[in-house]
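Report on the following structure.
The values are calculated or read from the model by the stated rules, or taken from the named source; none is laboratory data. For clarity, every value in this text was computed on a predicted model and none was experimentally measured. For neighbour counting, all protein chains shown are included, and Cβ atoms are generated from backbone atoms with ideal geometry for every residue, glycine included.
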Amino acid sequence: MPTYDYVCDGCGHAFELFQSMTDSVKKTCPKCKKPKLRRLIGAGGAIMFKGSGFYKTDYRSESYKKGAAADSGGGEKKAGGDKPAGGSSGKGGSEG
């Protein structure tokens, strides 16, 4: 749930209110009880991701990580091994 900033145009009282996004906007000031309260527009409604744990690879099991490392390491060696075999196209060019 986000935190919203409110200010009263009657008495100048400013405060933050922690409320649900579906809650209605408050109209009455809790200090002077006048219906002159307005909600301010600010960065309070944004989602902020701080700290670790926000990457898709953070929660992978150790066995998955080892398998992925083996696959990526094996794929690079295999690709390097395939390149000389791909030299047969050069061989065909020398024949023609």
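Please pick out the residue among Gly53, Gly75, Gly80, Gly44 that is surrounded by 12 or more Cβ atoms within 10 Å (Cβ to Cβ) and at pLDDT below 85.
Answer to the selection: Gly44.
In region 23-40, the qualifying residues are those that are under 19 Å from Met1 (Cβ atoms) and without any contact (Cβ under 8 Å) to a residue 12 or more places away in the chain, and the one that is surrounded by the fewest Cβ atoms within 10 Å (Cβ to Cβ) is Ser24.
Taken over region 13-25, residues that are outside any strand (DSSP E or B) and either at pLDDT 95 or above or in contact with a Lys or Arg (Cβ under 7 Å, 6 or more places away or on another chain) (or both) amount to 2.
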